[in-house]
């Protein structure tokens, strides 16, 4: 029986190595801190030396009077979802800050249910280099008569309207298509015991303007037949990638039913669509029931082979004894 034990231990070691892989398995207003604002995003194109005005409606949705304190904060990409990572310290500025562009900040007094218009002025200096500039116009609700301690607490909760400005000129449109992966939740892998439910396409903006990539992602099975496809960043307006930033576009995967090997292909473009970048990856879907079935068959074949070997050996021994 020592041979059978060695074989079973080998199969068990293989399974133990595989088991960890099971873990790979537009709104127009924003409310918070007692305030509601609209719109929550402005996208503008300006020439050097040009001036424009933006309007933001601010509404008090509390039962009492308050003051909407207005200021500018810079933000960065979170490197994953594309959601802005607000830099809370107003003194912390990025190279793409709107600090030199925007004026007109005035705190706004609002009674309960009252709405007022905040008017801000954008002025692009004549010597402004071409490219993307951005910031968050942040509104914080301060109850009337609040003391300094209350003000410090409420500054942690606020709403913001994002302002994205692209100054015309020598705009470089350039992206890198870094990867496409199948994932279970947010866990990427190449071997799944349960059906992967998302794809993750990672794109980096290497230009100096805003990038809004788009394109087609498809999934094919072992017979090269397409089982699912979708359009990346297919919304209005399309999601942006900030300059020198990376964004992961996650979308639902469907129709992966049969066990086997699959290929995910992303054909992505940007700007005017003149250049199409392609990246691929493969993954295996092997459900647990199939793995157990294969294991049982392998063990059964090994046992049968061993029994056949022992039977034949015993016959040969009996023959020699005669």
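The values are calculated or read from the model by the stated rules, or taken from the named source; none is laboratory data. Quantities reported herein were computed from a predicted structural model and do not represent experimental measurements. With ideal geometry, Cβ positions are generated from the backbone for all residues, glycine too; neighbour counts draw on all protein chains shown.
Of note:
- Checking each residue in segment 250-277 for being surrounded by 12 or more Cβ atoms within 10 Å (Cβ to Cβ) and more than 16 Å from residue 226 (Cα to Cα) picks out 250, 251, 268, 269, 270, 271, 275, 276, 277.
- Residues that are within 14 Å of the chain's Cα centre (by Cα), in a loop (DSSP other than H, G, I, E, B) and crowded, with 19+ Cβ neighbours inside 10 Å within segment 177-216 comprise just one, 213.
- Residue 286 meets the stated requirement of being closer than 28 Å to residue 195 by Cβ, out of contact with any strand residue (DSSP E or B) (no Cβ under 6 Å at 6 or more places or on another chain) and at pLDDT 80 or above.
- Residue check for residue 97: surrounded by fewer than 16 Cβ atoms within 10 Å (Cβ to Cβ), closer than 21 Å to residue 205 by Cβ, assigned by TED's automatic domain parsing to the domain that holds residue 123 and touching a strand residue (DSSP E or B) at 6+ places or on another chain (Cβ under 8 Å): no
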